[in-house]
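The values are calculated or read from the model by the stated rules, or taken from the named source; none is laboratory data. Computed from a predicted structure; not experimentally measured. Here the Cβ positions follow ideal geometry from the backbone for every residue, glycine too, while neighbour counts run over all protein chains shown. Heavy atoms of the whole protein, side chains included, go into the accessibility calculation; ligands, DNA and RNA do not. Shrake-Rupley method; radii C 1.70, N 1.55, O 1.52, S 1.80 Å.
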Amino acid sequence: MSETPLLSVHGLSVTLPTGRKQSVDAVRRVDLTVMAGERVGIVGESGSGKSVSVRAMSGLLPESPLVRVGGSIRFRDTELVGASRSVWDDIRSKRIAMIFQDPSSFLNPTMKVGRQVREALLKGRSTDRSWAETHRFMTLAGLSDPATVADRYPFELSGGMRQRILIAIALAKAPEIIIADEPTTALDATVQRRVLKSLDESVSQLDTALLLITHDLAVVAGLCDRVYVMYRGEIVESGNTDQIFYEPQHAYTKELLRCVTSLSDSTPDLYVGDYASRR
Amino acid sequence: MKRTKWMLAAAAVALSAIVVSGCSASSEPSAGGDHVFVVAIPSNPPQFNLGVTNDGSATFVGRSIFDPLVNLNTDYEVVPALAESWSANADSTEFTLNLRHGVKWHDGTDFTSADVKFYFDEVIPIHPLGAPIAAVYDHTSTPDDFTVIVSLKSPFAPFIQALAGHMMLPAHLYAGTDIATNPANLQPVGTGPYKFTSFTSGDSVIVDRNEDYWGEKGDVDEVVYRVMPDSNARALAFQSGEVDLATMLPLNQVETLKSDNRFAFDSAAMAEHLYGFFNTASATLQNADVRKALYHAIDRDEIASKVFLGTGTPSVSPVPNQVTWAIDPATDYTTEFDFDLDEAGRMLDAAGYPAGADGTRFSMNVTYRTDNASWATTADLIKTSFGKIGVNVNLVGQDTQVFADTVYTQHDFDFALQSLGAYADPSLGVARAFICNPTNGSYRNPTGVCDPVIDGAFAATAAVSDPAARLAAFKTAADAVAADLGTAPLISYNQITAYRADKWNGIDQFNSTDVWTWGALRAK
Amino acid sequence: MNVHWLRYYGRLIGSSVLLIFVVILVMFLLLEIAPGDPIQSLVGQVPVTEEFRRQMTATYGLDRPLFERFVSYVANVATGNLGYSFANREPVTELILQRLGNTLVLTLPSLVISSIGGILLGTAAARTRSKVKDGAISFAAVAGFSIPSFWLALLLIMLFAVSLGWLPAQGMASYGSKGLSVPHLILPLIALAIPELAFKARIMRSTMIGVLGEDYIDTARSKGLSSFEILRRHGLLNSMLPMVSVIGYSLGFTLAGAVTVEKVFGWPGMGMLLYTSIQTGENMVVMGILLVVAITVVIVNILTDLVYGLVDPRIRARSRMSRGVNV
Ligand SMILES: Nc1ncnc2c1ncn2[C@@H]1O[C@H](COP(=O)(O)OP(=O)(O)O)[C@@H](O)[C@H]1O
Ligand SMILES: [Mg+2]
């Protein structure tokens, strides 16, 4: 691990306005690195600052002068905190892709989904800008009949298919890292598993790094090399997945694990993907 | 791609061509064309038959197309028009009119005594101003084409005066038809100085000079009457030079326009009279002493100067001040009912309305029309001065229709302001504001006063022809009105005519009778 | 064309006809109690002679009972006859048709200009990050919307006709020429369009701000689209849905605004006719114009429904289903 990290975050803090005079320190002193092709998880309870941190990394915080970002976010050698528009345009269109939590609201309801995927393709790194290429990414995201699906509007698709469209949008840029912010939370259990499988397979195939956010340790266990545990805006623990699973240090992590174990007692099916089995 | 764009452009061109050809039009002015005179009229004329409408705008237009038998000049003297001369028998029951020879209707038909007979027989009974004549009319005989003898059932001295304003209609187009709906009402055929050319409803009426006119012909080849309903916009259009003559302008605008020497102003010939109607059915105002006290409390000099900006004067009698021959020098309401708040207070004390602990005696409504800002200002001045003697006033401003309904039909008012035209003879236009009105007709006396003395006196003013006798009858009427005071005469004034002095000469002459004398108008 | 389709449109037309019938009933009763005497309106503001009143009442059946007159009015409306105008001596339908074109020449361009202008201005205000620019646009919108239109109209005349002398103050064309001249159109159009434009800009601004806060805009941002691309591809169409109904409704407001504007500019349209008819108590004409406006509004509502479908695929699919077409 001597090479420079793909993404390295140091002392990141984000302050968000909550009213005219009030604000909240949503993220404090976060340090985090992701190497090229690596898979990293962030776990933590709801409201712990996971989404705010990754939105800071992908430049999708609310556009307001009251939002303050401190510390450093480097993508390879480029500093992103305080970077210019053109730098961010390049990062967002070609380097970092985001997959959001709720497939029902993150797709434009009045645009056919094929066009929404294609928009990402046209801005991205891929040199082949054909519809066939668009359809290829959709297939990669696990959509079996891309040409037909492409002609549909979001409301005509199921939740799982919509999430696959969001994945296809992320893949279509051919990015260096995909940040997936609780990509399956809004889906029911069986669909969750299949969508995660597609994500797993496609990330492997493209050799893209993955930063997976979830409050579900079981998902991380099957997918990620390393895990960061977030609690109240701070990273409280980090390490290899196995290490965190078998030797948790922080009281909060132990608490989290107890939930997973008790869960796995009744439903002993942690997600075990190709990647995990290969490992 | 290129192809689509080209087709789109072609479609756009085609579309605009359709729009343009559909909407734009021949911009060349219609026939004639050298001297065009533009008159702003305040509303869309419903039609042009002055036999069945008294609409102001229709009147403006109709009076250039039709002729009356006689005109009235600014001194209220009768001057010849289609009738060259006339005579009456001793008791004013038979009038002989000698018609002008060689007059032709605009369609080429001769104007004869048959037209006049038709008018008396068929039009007078339904004419809005026909009632005074209809009440006494018996029959007409026509010994020849140019002599008309009208016989009345009872004496009617102002008969000839009453004929002013009655515009002759062509019997050959109207006889045997429904006069109110005859198509000629929209395609008028008259004997007047201008022939009807076109009417675009809501927009304009165009008339062109009648080259065969019997009277003097003026310089104006074509008159365009343009409908301009908004009085402020009308004044601005006049100011911008779109209009040669405008009437019924807001008086404050007139003040502004006066400083511009392109413009001149002249009073219209006909007198207008602003009245205050007291509702004698109201609990407080049924007492004549209360009404008189309130009359004393109206500062009419202030109204004349602030509202009428000097174009009106406080009325001295039921007859407007301009009609001097009908006002006895002994009658002067401005001294009899002078502005005197102390006197008003004393009278109200005596009438049983002392000021209460808070200084208030009673409350009343003052109802006025909102179509002219002058009435609102007048009502406001009255409110202020009544307030000084402890009479609280609620101002009730109403739209024309609502006003007519509440005041004339419902009698739901205390004191109402209304301006009425005096017409050619005070027996015609003035009497209606004072005499008994048992049928609750609109634009007549709504006060509830039904005084046989007043009615008799006004009847007498019409029944005799001797000027001294008529004057005496008007004096009797004035005294009886002052005793009862249902209707309080407030201000006598004339409509102001604004015209382009830099373009036209002869407006004085033009404006010198109740019907415009187009022959007097000369281009500069 | 099938049964479902027929049923869908049958119901739409049926309910529209019912609505119009109710409108007629309510207006008929309201105008019955409103002051206004058709025979008085015939002669103007002078006493009516009894002879004349008798003649006219008999000729036009004004002495018949209310119910009878209502029934014959409805029957007449069904055949396109809106009654008779006493003051104008003309059938109301003809009177209105003469004026309708002049009003449309004014209101349709105003509708187009205010809609396009409102959408552009509202979008600009929603998009700008400059507080000053947004504030200026918002202030102008409030001012434009709350300024009384007769005052705005007089102001325009004062400036462009009297002071500068660039444009005519009154009428549709120069005297003697029929039809429409563009210089005459400009001032009334501005006076009519500005309040509407301001209103639409306000609605558009808040709608667009709402849309730009939607999650799918984040997706668009994450693709690296420029803010203009985001606005054009993802913001506009989604903001159009509320705008379509605002534009639909605004036709009613524009027609109402035309009353004042036509009066001030001496524009011979339906609005001026309505104004005059209220002044003279010509209730049949008032009724006819309100009816024409009501029918127009109903038709525009149906059109709005159709346009909704064009803008929103969800609604399009729903109506396709209700028409029984396979999706
Ligand atoms: N747009 C925002 N404005 C203000 N506060 C926010 C905003 N988004 C998130 N927060 C706050 O920041 C904190 C972290 O939220 P988030 O990162 O969404 O948590 P999670 O770990 O569930 O993703 C929470 O307290 C939340 O209330
Ligand atoms: Mg979150």
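Among residues that are surrounded by 17 or more Cβ atoms within 10 Å (Cβ to Cβ) and farther than 26 Å from B:TYR443 by Cβ, B:MET347 is included. Across region B:204-213, the number of residues qualifying as touching a Pro at 6+ places or on another chain (Cβ under 9 Å) and open to solvent by 20 Å² or more (accessible area, probe 1.4 Å) comes to 2. If the condition is being within 11 Å of chain C (Cβ to nearest Cβ) and either open to solvent by less than 50 Å² (accessible area, probe 1.4 Å) or under 22 Å from the mean Cα position of the chain (by Cα) (or both), then region B:166-180 contributes B:ILE179, B:ALA180.
The single condition among (1) within 14 Å of chain B (Cβ to nearest Cβ); (2) surrounded by 19 or more Cβ atoms within 10 Å (Cβ to Cβ); (3) not hydroxyl-bearing (Ser, Thr, Tyr) that C:LEU164 does not satisfy is (2). Return a yes/no flag: does region A:77-87 have any residue that is among the small types (Gly, Ala, Ser) and under 14 Å from C:ASP218 (Cα atoms). Scanning region A:77-87 turns up no residue that is among the small types (Gly, Ala, Ser) and under 14 Å from C:ASP218 (Cα atoms). Exactly one residue out of C:ILE119, C:ILE96 is β-branched (Val, Ile, Thr), under 18 Å from the mean Cα position of the chain (by Cα) and surrounded by 14 or more Cβ atoms within 10 Å (Cβ to Cβ), and it is C:ILE96. Applying the criterion of being within 16 Å of ligand 2 (Cβ to nearest atom) and crowded, with 17+ Cβ neighbours inside 10 Å to the residues of region A:62-101, the residue that is nearest to A:LEU199 (Cα to Cα) is A:ILE99.
For (1) in contact (Cβ under 8 Å) with a residue 60 or more places away in the chain; (2) more than 24 Å from the chain's Cα centre (by Cα), each residue gets a yes or a no:
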residue	(1), (2)
B:LYS292	yes, yes
B:GLY312	yes, no
B:VAL319	yes, no
B:ALA330	yes, yes
B:ASP340	no, yes
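Residues in region A:220-234 include none that are more than 16 Å from ligand 2 (Cβ to nearest atom) and either within 14 Å of chain C (Cβ to nearest Cβ) or within 30 Å of C:ILE315 (Cα to Cα) (or both).
A quick yes/no check of all residues on (1) open to solvent by 50 Å² or more (accessible area, probe 1.4 Å); (2) under 25 Å from B:ALA478 (Cα atoms):
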site	(1), (2)
B:VAL316	no, yes
B:TYR333	no, yes
B:ASN365	no, no
B:ALA373	yes, no
B:ILE382	no, yes
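With respect to the conditions (1) within 14 Å of chain C (Cβ to nearest Cβ); (2) within 16 Å of ligand 1 (Cβ to nearest atom); (3) open to solvent by 20 Å² or more (accessible area, probe 1.4 Å), A:SER58 falls short on a single one, namely (3).
Screening A:ARG115 with (1) surrounded by fewer than 24 Cβ atoms within 10 Å (Cβ to Cβ); (2) within 14 Å of chain C (Cβ to nearest Cβ); (3) at pLDDT below 90 gives one miss only, at (3). Counting only helices (runs of 4 or more DSSP H) wholly contained in region B:234-315, the ones carrying 2 or more residues that are within 14 Å of chain C (Cβ to nearest Cβ) and not acidic (Asp, Glu) occupy B:251-258. For region B:185-196, the set of residues classified as within 11 Å of chain C (Cβ to nearest Cβ) and surrounded by 19 or more Cβ atoms within 10 Å (Cβ to Cβ) consists of B:ASN185 only.
Summed over region A:25-37, the residues that are away from ligand 2 (no atom under 16 Å from the Cβ) and of a type in the set (Val, Ile, Thr) give a count of 2. Among the residues making up region C:167-197, those that are surrounded by fewer than 18 Cβ atoms within 10 Å (Cβ to Cβ) and either not assigned by TED's automatic domain parsing to the domain that holds C:LEU111 or not in a loop (DSSP other than H, G, I, E, B) (or both) are C:VAL182, C:PRO183, C:ILE186. For region A:78-101, does any single residue satisfy the condition of being within 10 Å of ligand 1 (Cβ to nearest atom) and closer than 18 Å to A:THR214 by Cβ? Yes, that holds for at least one residue.
Inspect all residues belonging to region B:50-68 and state whether any of them is under 30 Å from B:ASP466 (Cβ atoms) and away from chain C (no Cβ under 14 Å). For region B:50-68, residues under 30 Å from B:ASP466 (Cβ atoms) and away from chain C (no Cβ under 14 Å): present.
Take the residues in region A:13-24 that are more than 16 Å from ligand 2 (Cβ to nearest atom) and either modelled with pLDDT of 90 or more or within 14 Å of another protein chain (Cβ to nearest Cβ) (or both); name whichever of them is nearest to A:GLU237 (Cα to Cα). Out of the qualifying residues, it is A:SER13.
Within region A:31-55, the residues that satisfy the criterion of being at positive phi and surrounded by 22 or more Cβ atoms within 10 Å (Cβ to Cβ) are A:GLY44, A:GLY49.
Quick check: anything in region A:137-152 surrounded by fewer than 23 Cβ atoms within 10 Å (Cβ to Cβ), among the charged types (D, E, K, R) and in a helix (DSSP H, G or I)? No; the residues of region A:137-152 include none that is surrounded by fewer than 23 Cβ atoms within 10 Å (Cβ to Cβ), among the charged types (D, E, K, R) and in a helix (DSSP H, G or I). Being in contact (Cβ under 8 Å) with a residue 40 or more places away in the chain and open to solvent by 60 Å² or more (accessible area, probe 1.4 Å) is a description that applies to A:SER104. Count of region B:197-216 residues, restricted to those that are more than 12 Å from every other protein chain (Cβ to nearest Cβ), charged (D, E, K, R) and in contact with a Gly (Cβ under 6 Å, 6 or more places away or on another chain), is 1.
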